[in-house]
Amino acid sequence: MNCSYNYRKLPPPIDLIILPTIRKEHGPKIIALYEYAITCGADYIFQTDSDGQTNPTEFLQFWQDRKKYDAIIGKRPFRGDGKIRKFIEDVLCTILGIYFNVSISDANAPFRLMKAALVAKYLKKLPLDYSLPNVMLTTYFAYFKENIQFIDITFQPRQGGANSINLIKIIKIGWKSLYDFYLLKKGLVES
C-alpha cells in the first residue's frame, strides 16, 4: 500500500483522507483503514463510526489514558440502537467466552483507541474480507492477555446515515461467524 500521507506534517485538525478503492462492506473497510494507518506510521489508531451514536468529547479520557493501556475499548452499558442490538451483543460476547475462554463486556464497540503496533500484531491473522474485525481484535487482545481497558461510553440512537445491517443480515453474519470463530480458534491452537 502506497502511503503519501504523513499526518505528522499537517497542523491540527488533520485533513480528511478518503481511500478510493476499498471494498464496500463494513469489515473489509475497517481492515483496509487499519492497514493504511499502520502503513502511514501511525502510533495510535482511533476508530469510531460516523453515524453520531458516539460522543466525540469522550475521546479525551481515552487519550489521557493511552499510555496506561495498549488498547482502550468503549463499553456501551446503555444502547440507543435498541434492545435487539444489545441482546445480539450479549449473545456474541457469550459465544466468544465459550469459543475462546475470554470475558469481554463489549466486543464490537465502535469507539476504540489502540496502539498501531498492537493492531498490526493481530490484524494479519484475519482474512482481508473478514466481516467482524473489531470483534476478533478485541477477542485476540483478551485471549492473549494484552493490556486493555474497557471504559463506559455513551451510545445514542443513530443521528445520521442509514443502517445497512438488518436482522436477516445479522443472522446470516452470526451463522457464518460461528464457523469463522472455529477456524480462527483452530489457527490459534496451531500457531
Original post:
Rolling a 1.4 angstrom probe over the protein heavy atoms, how many square angstrom per residue are accessible across the stretch 63-191?
Top reply: 55
**OP:** Using only alpha carbons, build the gyration tensor for the stretch 52-191 and give me the equivalent ellipsoid semi-axes, biggest first, whole Å.
**Re:** 23, 21, 13
Original post:
In terms of modelled amide H atoms, which long-range or inter-chain residues lie less than 5 Å from the amide H of Gln53?
Top reply: Gln159
Subject >> Derived scalar couplings ³J(HN,Hα) [the stretch 142-155; Karplus, 6.51 cos²θ - 1.76 cosθ + 1.60; whole Hz; x for Gly, Pro] >> reply: 6, 4, 8, 6, 5, 7, 10, 9, 9, 10, 4, 10, 7, 9
Subject >> Cut-off under 5 Å, modelled amide H: who pairs with Lys75 long-range >> reply: Ile151, Asp152, Ile153
Original post:
What figure in square angstrom, to the nearest 10, would you give for the accessible area of Ser105 with a 1.4 Å probe?
Top reply: 60
Subject >> Under the Karplus curve 6.51 cos²θ - 1.76 cosθ + 1.60, θ = phi - 60°, whole-Hz ³J(HN,Hα) for the stretch 95-105, x wherever Gly or Pro sits >> reply: 4, 4, x, 5, 5, 10, 6, 10, 10, 10, 8
**OP:** Pull up the cross-link candidates among the lysines for Lys24, meaning alpha carbon to alpha carbon under 22 Å and not fewer than 8 places away within one chain.
**Re:** Lys124, Lys125, Lys169, Lys172, Lys176
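The values are calculated or read from the model by the stated rules, or taken from the named source; none is laboratory data. As the structure is a computational prediction, the values presented were derived from the model and not from experiment. Each accessible area value is taken on the protein alone, full model and side chains, heavy atoms only, with ligands, DNA and RNA left out. Shrake-Rupley method; radii C 1.70, N 1.55, O 1.52, S 1.80 Å.
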